[in-house]
Each structure stands twice: as C-alpha cells, then as structure tokens.
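> This structure is in structure tokens; I'll ask about it shortly.
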Amino acid sequence: MENTLTKKASESRTLMTQLIFPHDTNHYDTMFGGKLMEYMDKVAAIAAMRHARMRVVTASTDSLDFLKPIRIGDAIEVEAFVTWTHRSSMEIYVSVTTENLYSGARDVTVTAFFTFVALDEQSKPCPVPSVQPESELEQQLYATAPERYAQRKKRKQDRLGN
C-alpha cells in the first residue's frame, strides 16, 4: 500500500551546534573529516526519522564537498532536511556552517546529499511521505532531485555490474 501523505520539508529540519575543540582536529588544526561526517550522518538520520516516523538506514552519501577548513574554536551548525522522496527512500540535504564566535563571520564549509531508506518492523523497505518544498532552496533542491536520484541509481548499477 502506497503512502500518499505529504509533509513539508521544514518538518524534517534538524540543527545541531558544536564547538570545535583540539581533540576534534588533525595535525593541521582543522577538523577531522570523518568526525564531521559522523555529525552529518546523525543529523541526516534524525531528519529522515522525523519525516518517515520510522527506522531508517543510510543508503548513500554523495556530493560531499569540503569547501573551507573548520578550525579549533569555530562553532559549527550542521543542518539537514528531506528534499525529496522516492517510494521508500529519502534524499536529505546537509550543510555545515562555521561561525567565528569572536567576529561573527559565518561560512558554509561543507555540503552533501545523503540517502536514507525507511524500514518496517521486519527491516524491509516501506513507503514514506512525499515532500512539499516551501523555501526557494527547498524548491530548487526538490526540482533537481530526480536527476540526482537517476545518477545514484546508475552509479549503483554500474558498481554491481548490472
């Protein structure tokens, strides 16, 4: 049975703020990429669960672009929301913004798309609500999502040799 419910993208919006300490950084005094990816995956998972209201698993991560370094003492905001859905999958846009707490300067430092799949009690993929974009960014990401979905699907088929 298909789920015909539609939810606003803003209903899944999730925000996490962290202060970057020396133990979060590498020998260049910039944040470990893997640590940041962990934060991004967690925030994306919460956004996916808020949208689907069920268990979810990470299916893929793509377009993970590190635009600027994150340094000790920076505050980061990791923000995520569901941009588009297919039958049981959800595309989540995640962005990371740094803030210098002394000057107030803010920069987008990382962006990525995560794909999550909703699971039922038997760990089988199950339908999720569709997305209603509202803001200009949400509308832009929604409009371009089918192309990203097709690229992911082709990439997966190419890797599986199908």
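> Please tell me if K7 is basic (K, R), within 17 Å of P129 (Cβ to Cβ) and touching a helix residue (DSSP H, G or I) at 6+ places or on another chain (Cβ under 8 Å).
Judged against the criteria, K7 is a match.
> Another question, if that's okay. I'm trying to understand the selection: among the residues of the stretch 84-115, which are touching a residue at least 12 places away in the same chain (Cβ under 8 Å), in a strand (DSSP E or B) and over 9 Å from the mean Cα position of the chain (by Cα)?
W84, T85, S89, M90, V96, T97, T98, E99, D107, V108, T109, V110
> Now a separate question. Mind listing whichever residues of the stretch 52-83 are in a strand (DSSP E or B) and on the phi > 0 side of the Ramachandran plot?
S63, the sole residue that qualifies.
> For D120, all conditions in the list (1) in contact with a Lys or Arg (Cβ under 9 Å, 6 or more places away or on another chain); (2) closer than 20 Å to R13 by Cβ; (3) exposed (fewer than 14 other Cβ atoms within 10 Å of the Cβ) hold save one; what is the number of the exception?
(2)
> If you don't mind, there's one more thing I want to ask. Of E38, E2, which residue is charged (D, E, K, R), loosely packed, with under 14 Cβ neighbours inside 10 Å, at pLDDT 95 or above and over 27 Å from E136 (Cα atoms)?
Checking each option against the conditions leaves just E38.
> Within the stretch 116-154, count every residue that is touching a residue at least 40 places away in the same chain (Cβ under 8 Å), more than 18 Å from D65 (Cα to Cα) and of a type in the set (D, E, K, R).
3
> Looking at (1) touching a residue at least 12 places away in the same chain (Cβ under 8 Å); (2) outside any strand (DSSP E or B); (3) farther than 30 Å from F21 by Cα, which one does V43 not meet, given that it meets all the others?
Of everything listed in (1) touching a residue at least 12 places away in the same chain (Cβ under 8 Å); (2) outside any strand (DSSP E or B); (3) farther than 30 Å from F21 by Cα, V43 misses just condition (3).
> Still on this structure: Find the residue count for the stretch 85-104, including only residues that are surrounded by 19 or more Cβ atoms within 10 Å (Cβ to Cβ), of a type outside the set (D, E, K, R), closer than 17 Å to T58 by Cα and touching a helix residue (DSSP H, G or I) at 6+ places or on another chain (Cβ under 7 Å).
Within the stretch 85-104, residues that are surrounded by 19 or more Cβ atoms within 10 Å (Cβ to Cβ), of a type outside the set (D, E, K, R), closer than 17 Å to T58 by Cα and touching a helix residue (DSSP H, G or I) at 6+ places or on another chain (Cβ under 7 Å) number 4.
The values are calculated or read from the model by the stated rules, or taken from the named source; none is laboratory data. Because the structure is a prediction, the values reported are computed rather than measured. All Cβ positions, even for glycine, are placed from backbone atoms using ideal geometry, and neighbour counts span all protein chains on display.
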